[in-house]
Amino acid sequence: MATIAKLPTVVELRNEYAVTKAYLLVGFVALSGGVAMGLLQGLENAGIDLYPNLAPVVQSYYHGLTMHGVLNVLVWTTFFISGFLPFITVQALRTPLASRSLTWGTFWLMLAGLVLAAIPLVGDAASVLYTFYPPMQAHWAFYVGLTLVVVATWLVTLNLALTYRAWRKDHPAQRTPLAAFMSLVTFAMWTIASVGIAAEMLFLLIPWSLGLMQGTDALLARVLFWFTGHPIVYFWVLAAYVSWYTLVPRQGGGKLFSDPMARVAFILFLVLSTPIGFHHQFTDPGIEEEWKFVHSFLTFAVFFPSLMTFFNIVASLENGARARGGRGWVLWFFKMPWGDPSFAAQVLAMLTFTFGGIGGLINASANVDLIVHNTAWISGHLHLTAGTAVTLTFMGITYWLVPVLWKRALWSRRMALAQAWLWAAGMLIFSFALHTLGLMGMPRRTSMSAVTYALPEWQRYLPLIAIGGAILFISALLYFLNMVLTMVASKEPAPAMPEFAEAVSGPEDAPALLDRWPIWLTVAAVLILFAYGPSLYSLLRTTPLNNPGMRVW
Amino acid sequence: MKRKTTYYYELFWIIPSLLLPIGMLATLLFTSYGADVHLPGAEGRVDPAKLDSTPPFDNPGVVQVGPSRYEVRMVGEIWSFNPSEIHLPAGSEVTFVATSRDVVHGLFIPRTNVNVMVLPGQIARATARFDKPGTYLFICHEYCGAGHHTMAGQIIVDAADNGDRGGK
Ligand code: HEM
Ligand SMILES: [Cu+2]
Ligand SMILES: [Cu+2]
C-alpha cells in the first residue's frame with residue numbers, strides 16, 4: 001500500500017492524450033448536432049414547426065429524430081467512453097496502452113464507420129430512428145457503418161485487455177486498481193452484450209439491405225437488437241459510475257466509502273446487464289410471457305447493484321462533506337464543494353438519476369409497462385438517464401479532462417456552473433412534461449404538431465417541452481462555448497488531473513475472487529444462455545425470413 | 001470509521017436492497033396470476049404477404065364471440081388500421097387480434113391494458129373491457145414512416161344497447 005508508484009509522465013502518455021482528444025472532438029461534434037435536433041423537436045411538439053424552413057438539411061421531424069437518437073446515444077456516448085475509459089485505465093495502471101497502432105487503428109476504424117453511417121443518415125436515406133427496426137429498410141451503408149463502430153469498440157476492449165495483461169505480469173499479487181478494474185468490466189460487459197446487435201447486422205440487416213437476402217424477420221431482429229439495446233444503457237451508465245466511484249469522492253474532499261462493495265457491484269453489472277433485454281419487449285407478440293417474467297425479475301435484480309452504488313456514493317459524498325466541516329443529517333449536503341463545476345455537474349447528474357432509477361423500476365414492472373410503453377413517459381425517462389445522468393456526468397468530467405488534455409485552464413468556471421444548473425433545471429421541466437403526457441396516453445416518436453388525433457388535455461403540457469428544451473439548448477450552447485474557448489483561447493496553465501480517491505474500506509478487503517475473470521465471464525454467459533437460449537432457439541427454428549424491406553419515409 | 005462499523009452500515013443497506021427485487025417479483029406474479037393482467041405472448045405466425053387469404057385477417061372487423069364478448073380482427077398497414085372505427089356496446093370485453101401487412105406498428109388504447117406491438121409475421125392479442133360509454137382512441141405508437149402521426153382510429157362505446165346483442 002505504501003509503495004508510491006510514479007505517475008507516467010505526459011511525454012510517456014503522449015499517444016493516449018492525443019487519441020483521447022480525438023475521441024472527445026468527434027463526440028462533441030455529434031452531441032452538438034444532436035442537441036440542435038433536440039431543440040427542433042421540443043419546439044415542434046409545442047406547435048412551432050421549423051422543419052419546412054430547414055428542408056434541404058433536415059427533411060422531416062423523423063429525419064431529425066433519427067439524427068437526434070443516433071448522434072446522442074450512439075455516437076456521443078460511444079466516442080466519449082472509448083476515449084475516457086482507456087485514459088483512466090492507463091492513469092490507474094500507470095502504464096501506457098499496450099499497442100500504439102491498435103490504439104490509432106481503432107480510432108480511425110470507428111471514425112470511418114461513423115462517416116459511412118452518417119452519409120445515408122444525413123441524406124435522409126436512413127430515417128429509421130436509432131432503433132432501425134426492420135422491415136423498414138435503411139441504406140446498407142448505415143448498417144455497415146454502425147457495425148464498424150461496434151467492431152471498433154471490441155478493439156478498445158482488446159487493447160485494454162492486453163494492457164491489463166502486461167500490467168498483471170509485473171504486478172502478480174496486487175489487486176487491480178479500482179478505476180482500471182471498473183473500466184475493464186465496463187468494456188467486457190459491453191463486448192458480451194454487443195454480440196446481439198452484431199449478429200442482427202451481420203446475419204440479417206446487411207445481407208438483406210444489399211439484396212442478398214429477400215426477407216427478414218421483424219421479431220427476431222428486435223430480439224437481437226434489445227439483447228444489446230438494454231445493456232448499452234449500462235455501458236453508458238457504468239462509464240459515469242467509474243467517475244462517481246473513483247474520482248468524485250476525492251473531488252468532494254473525501255474518500256470512497258467501500259472499495260470491495262464497488263467491485264461487487266460492478267461484477268453484478270457484468271453478470272446481470274444482458275439477460276434482461278425482454279423488458280423492452282414486454283408488449284411484443286411472439287415471446288412467451290413466462291420468459292418475459294424471467295427478464296423482469298432479473299431486471300429487478302440488477303437494481304440491487306444500482307442501490308449498492310447509490311449507498312456507496314452517498315456515503316462517500318457525506319464522508320467528504322463531513323471532512324469539510326459538514327454537520328447534521330441533511331445539512332452536510334450543502335458543505336460539499338458546489339463551486340467546483342466538475343463536481344457540481346456530476347452531483348446534479350446523480351440527483352437526477354435517482355428519479356430516473358425510480359422511473360426505471362416502474363417501467364420494469366411488466367404489467368405497469370402496459371401503461372407507459374412507447375408513450376412520452378419513456379422519452380421523459382431516457383432524458384433523465386442517458387440525457388442527464390450520463391450526459392451531464394460526461395460534461396462534468398470534461399470540465400477537468402479537457403483542460404488536462406489541452407493543457408489550458410477551463411475558460412470559465414462560472415459559465416460551467418451556470419451550464420450544469422441550467423441543464424438540471426431544464427431537464428426537470430422537460431421530463432416532467434413528458435412523463436405527465438405519457439401517463440395521459442401521448443405516444444412517443446410522433447410529430448405532435450401534425451398529429452391527427454391530439455387529445456385536448458395534452459395541450460396544457462406540450463409548451464413545457466419547448467420551454468424545458470430551450471433551457472437545455474441554452475445550457476448546451478454555454479457548454480460548447482466554454483469548451484471551445486478553453487481549447488483555443490484560454491491562457492492560464494491547466495490544473496493537474498484530479499487524483500483517484502482512496503477508500504475508507506480499501507481494496508485489501510476485496511475478495512481476490514473478484515479479480516478472477518474466467519469465473520465471472522462464465523457466469524454471465526450461462527445466465528444469458530438461460531434467459532435467451534430457449535426463445536432464440538425457437539425463433540431461429542421457425543422464422544420464415546419473409547419480411548421484404550421497404551422505405552416508408 | 002472503524003472497519004466493523006463500515007460492515008454494519010453495508011449490511012443495513014444491503015438487506016433491504018435484496019428484499020426489494022424479491023418483493024417486486026411477488027407483486028408482479030400476484031398482479032399477473034391473481035389480478036389477471038397479462039402481457040402479450042406467443043400466439044403464432046402469419047404470412048404478411050397472404051393476409052387477404054388467411055383467416056381471420058381476410059375479413060377484418062368486429063365479431064361477437066360470446067355474451068358481451070367480442071373479437072376485433074385488425075390489420076395495420078401504412079398508415080391506417082382496418083377497421084378504423086369500431087362500435088361496441090358498453091360492458092363489452094374485447095379481444096384485439098392484430099397483425100401488420102408491412103412494417104412494425106403498434107396498437108395502443110390509452111387508459112386500458114391494450115398496449116401491444118403489431119409486427120409483420122406475428123399475431124398479437126390483447127384484451128380490454130369497455131364499461132363506460134364514450135369515444136376511445138386507438139393509436140399506432142411505433143414509428144412506422146412519414147405518415148405515422150396520422151395512424152389512429154376510434155372505438156365508440158354506446159350506452160344503452162336496445163337490440164339484444166348478447167348483453168346481460
Ligand atoms: C437540448 C437538449 C435536448 C432536447 C431539447 C431533446 C428533445 C427531445 C425530444 C422532444 C424527444 C422526443 C421525440 C419524440 O419522441 O417524438 C427526444 C427524444 C430522444 N432524445 Fe433528446 N433531447 C435533448 C438532448 C438529448 C440528449 C443529451 C440525449 C442523450 C444523450 C437524448 C436522447 C434522446 C433519445 C434516445 C430520444 C429517443 C429517440 C427516438 O425515440 O428514436 N436527447 N429528445
Ligand atoms: Cu403504424
Ligand atoms: Cu406508427
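Computed over chain A, the per-residue total of -39500 (n - 2.57) for DSSP H runs of n ≥ 4 gives a 222 nm mean residue ellipticity of -21500 deg cm²/dmol, rounded to 500.
Per residue, how much space in cubic angstrom lies within the convex hull of the C-alpha atoms of segment A:381-427? Display every interim value, and only then the final one.
On the way: hull volume 2.5 nm³, N = 47.
Looking at segment A:381-427, the number lands at 53 Å³ per residue.
Between A:I206 and A:N15, the FRET efficiency estimated from the beta carbon spacing at R0 = 41 angstrom works out to 0.80. Here, segment A:423-553 has an Rg and a Dmax of 25.6, 65 Å when only alpha carbons are counted.
Report the chymotrypsin sites (Phe, Trp or Tyr not before Pro) located in segment A:121-203 that are in a DSSP loop and have at most 13 other Cβ atoms inside 10 Å of their Cβ, or state none. Each step should come with its number before you reach the end.
Details: sites: A:Y130, A:F132, A:W140, A:F142, A:Y143, A:W154, A:Y164, A:W167, A:F181, A:F187, A:W190, A:F203; in loops: A:Y130, A:F132.
Counting only loop positions with at most 13 other Cβ atoms within 10 Å, none of the chymotrypsin sites (Phe, Trp or Tyr not before Pro) in segment A:121-203 qualifies.
Please report the spacing between the Cα centers of segment A:8-74 and segment A:289-351 in Å, no decimals. Rounded to whole Å, the Cα centres lie 28 Å apart.
What you get for segment B:43-167, charging only the Cβ of Lys and Arg (+1) and of Asp and Glu (-1), is a dipole of about 220 debye around the Cα centre.
What is the Å³ per residue value for the convex hull set by the Cα atoms of segment B:43-167? Intermediate results must be reported in sequence, preceding the final value.
Values: hull volume 11.3 nm³, N = 125.
Cα convex hull per residue, to the nearest whole number: 90 Å³.
Averaged over residues, the count of other Cβ atoms within 10 Å places the peptides A:423-433, A:478-488 in the sequence A:423-433, A:478-488, highest first.
Which whole number gives the average count of other chain Cβ atoms within 10 Å of the Cβ atoms across peptide A:443-456? Mind dumping the intermediate values first?
Working: counts 12, 3, 7, 10, 6, 1, 1, 4, 6, 6, 9, 2, 3, 0.
Across A:443-456, the average partner-chain Cβ count within 10 Å equals 5.
Size descriptor for segment A:401-474, Kirkwood hydrodynamic radius: 14.5 Å (Cα pairs only, one decimal).
Can you give the mean number of other chain Cβ atoms that lie within 10 Å of the Cβ atoms in peptide A:545-551?
On the way: counts 1, 7, 10, 4, 1, 4, 3.
Across the residues of A:545-551, the mean count of other-chain Cβ atoms within 10 Å is 4.
Of the DSSP H helices in chain A, those that are both long (alpha-carbon extent of 27 Å or more along the helix axis) and hydrophobic (Kyte-Doolittle mean at least 0.0) are A:14-45, A:100-122, A:140-170, A:289-323, A:341-364, A:413-439, A:462-488, A:517-542. Amide H to amide H, with H built 1.01 Å from N, A:L129 comes under 5 Å of A:T66, counting only residues 5 or more places away or on other chains. DSSP bridge analysis restricted to segment B:43-167 gives an antiparallel fraction near 65%, rounded to the nearest 5.
Exposed loop sites here are GluC sites (Glu not before Pro) in DSSP loop states with at most 15 other C-beta atoms within 10 Å. What is the longest stretch of chain A lacking them?
Numbers: sites that count: A:E12, A:E288, A:E499, A:E502.
Longest gap between qualifying sites, sites excluded: A:13-287.
Averaged over peptide B:41-48, the number of partner chain Cβ atoms lying within 10 Å of each residue's Cβ comes to 6.
Rounded to the nearest whole angstrom, the semi-axes of the ellipsoid equivalent to segment A:96-160, taken from the Cα gyration tensor as √(5λ), stand at 28, 11, 7, largest first. Here, the protein assembly as shown has an Rg and a Dmax of 26.0, 90 Å when only alpha carbons are counted. With all pairs of different C-alpha atoms in the average, the Kirkwood value for the hydrodynamic radius of segment A:282-366 is 15.3 Å.
When exposed loop sites are taken as trypsin sites (Lys or Arg not before Pro) in a DSSP loop with at most 12 other Cβ atoms within 10 Å, the longest stretch of chain A clear of them is A:7-326.
What is the dipole size for the protein assembly as shown, taken about its Cα centre, with +1 at each Lys and Arg Cβ and -1 at each Asp and Glu Cβ, in debye to the nearest 20?
Numbers: 43 positive and 39 negative charges, 513 e Å.
I would put it at about 2460 debye.
Read-outs throughout are calculated quantities, based only on the coordinates presented, and are distinct from any laboratory measurement. A quick note: this is a predicted structure, and the numbers were derived from the prediction, not measured. Neighbour counts run over all protein chains shown; Cβ positions are idealised from the backbone, glycine included.
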